[in-house]
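Trainee: Structure incoming, see below.
The values are calculated or read from the model by the stated rules, or taken from the named source; none is laboratory data. Please read all numbers here as calculations on a predicted model, not as lab measurements. Because the Cβ atoms are built from the backbone with ideal geometry, glycine has one as well, and the counts that use them run over all protein chains shown. Heads up: the accessible areas ignore ligands, DNA and RNA and are worked out on the full protein's heavy atoms, side chains in. Shrake-Rupley method; radii C 1.70, N 1.55, O 1.52, S 1.80 Å.
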Amino acid sequence: MRTKSILVAGLLTALLVTSCSGGSGAAGGSETPTDGGEFVGALYLEPRGLDPHRQVFWETYRVSRNIFEPLVAEDLTAIEGTPELVPALATSWESSDEGRTWTFRLREGVTFHDGSAFDADALHKNVRRVSDPTYEFYDKESAGRLQVWFGGLTSATPVDQYTYRFEFGRPFLGFPRILAQSMYTLPVGNPAVWEKYGNDGFAEHPEGTGPYKFVSRAIGDRIVLERNEDYYGERPHLDTLTFRIIPNNQTRVASLLNNEVDLISYVQPDDVETLENAGFQVPQGTGAELIYFSFNLRNKKFDDERVRQALIHGLDRQALADEVYNGYATPQQSFLPPSNEAYRADVTDFDYDPERAKQLLAEAGYAPGELRFNLVVDVANENLAQWLQRNYSRIGVDLSIVSLDRVSYSARIYHPEPDDGLNIDEFGETDAEWLYNGYNGLVNRGLDKQSFPEIGAAIEEALYASDPDQRIPLWQKAEQTLREKAVVIPAVNLNRYYATGPNVGGFTFASTNWYDLSNVWLTD
């Protein structure tokens, strides 16, 4: 029996542009789009290699998505709620066999930046690169990253020149939205490039079908793109996009105030009012990520559920939002981030109750000051770490802060020291399946999946749901199970993240973790 899961008719191309204050999701500038100009954005992290199948970090995708396109995209004009799925390199898609088989109709008339055609054979080489060890250009690193979602792929074949079919061993109803995400998925690159330069060389010559083409990169300095004059879609307004790497928060703000850049990301709370008073736009939005605190579950101190519950009861999330983020954040008790398709704002875990936290620690055998462990953070979160240190001292917990650069931090949390206890993470996606990746890859971090069998069973039931009407309720049930076991501490969601110059029009703080610059323009 054949059932259509999703069939999308046309690409959303219109962007509603409004002149607004910093309190809305769209930045200002003139309401009338103008063409031309050299746009400069400032990134707070150095992007990783511009290889669509190897990429990590949001900042990487904020650059690379201008070069590469997925089969399915999200409507990045949406500033709240879960963005709708829209066609990209596929114009329509449908499922059969309870979501085991997905067939995509590919867009015709699309070319890569070198002028070669995008079709089912080019897509097939992308799929083989990440899934087929017999392919000459199989990339083990890419395959490892995509294993989380493509590990269950049993067959992938061109049906005809512009039709492609994926088959999975079990139902995979969330597959289209997975394709619209930034990491562990399949933006399409030009196979001719890795055939010429090899898999490792592809990131130095990144080439896709997107509205902008790669020009140059200077590590630690900038990445330059230029408009793709042969782009099949709506012509982007800007001539060039330059992404400067400016890790220092105050240097990024100063660069914006001095009109050296047009956009910055990761705006610090103390800078919001300064920027708005100076006439700059700091749009309000609700992304698909949250800031949360992960336990080092290899540390035996956290085997006791009472200790984990005590640390959640002991966290004053409202004070965290008000004092660290100046009110530009919203307390969260769900591990599913806002804008996730399964998110519910009304759920709770363990409300702030410092007396109950002290009682639980006493029951677990800890007198005041006896529970000690490391709080591991990257340098960008030192102020948050100091606040947490003070917050937890009020319930008799002694935290030692270990602050590391981003690369060292990433290595440390996957290979923790024995005394490590908590670390600060920032992640999330719009797909409900993110709970699977977030729990297994970021919370449990390689532990035996049977450590919390109730969580594993609930996640697996949701992941392989065959009834579309039950998929989201099952993910919500799985998140409730995770929340009740107190294995992670959701904290806050940031509602101010970007800032733009007053001459920037059309920018939207989309309800996901990246933005669309193809609809942005500059005014005098």
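Residues are listed down the side, and each one gets a yes or a no for (1) farther than 18 Å from THR185 by Cβ; (2) buried (at least 17 other Cβ atoms within 10 Å of the Cβ):
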| position | (1), (2) |
| --- | --- |
| THR91 | yes, yes |
| ALA120 | yes, yes |
| ASP132 | no, no |
| ALA143 | no, yes |
| TYR162 | yes, yes |
| PHE166 | no, yes |
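One line per residue, one yes/no per condition, for (1) within 30 Å of LEU435 (Cβ to Cβ); (2) crowded, with 22+ Cβ neighbours inside 10 Å:
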site: PRO236; (1), (2): no, yes
site: THR242; (1), (2): no, no
site: ASN248; (1), (2): no, no
site: SER255; (1), (2): no, no
site: GLU260; (1), (2): no, no
site: GLN268; (1), (2): yes, no
site: GLU276; (1), (2): no, no
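Trainee: Of all the helices (runs of 4 or more DSSP H) wholly in the range 425-524, which have at least 2 residues that are within 18 Å of TYR292 (Cα to Cα) and within 21 Å of the chain's Cα centre (by Cα)?
Mentor: 434-437, 468-484
Trainee: Next question. Output the number of residues of the range 65-79 satisfying the condition of being farther than 11 Å from TYR212 by Cα and either open to solvent by 10 Å² or more (accessible area, probe 1.4 Å) or out of contact with any strand residue (DSSP E or B) (no Cβ under 8 Å at 6 or more places or on another chain) (or both).
Mentor: Total satisfying the criteria: 8.
Trainee: Across the range 93-118, what is the total count of residues that are in a helix (DSSP H, G or I), buried (at least 18 other Cβ atoms within 10 Å of the Cβ) and charged (D, E, K, R)?
Mentor: Number satisfying all stated conditions: 1.
Trainee: Considering each of SER400, SER408 in turn, give the residue that is in a strand (DSSP E or B), of a type in the set (S, T, N, Q) and more than 30 Å from ALA510 (Cβ to Cβ).
Mentor: Numbers: SER408 fails: in a strand (DSSP E or B).
Testing whether each residue is in a strand (DSSP E or B), of a type in the set (S, T, N, Q) and more than 30 Å from ALA510 (Cβ to Cβ) leaves just SER400.
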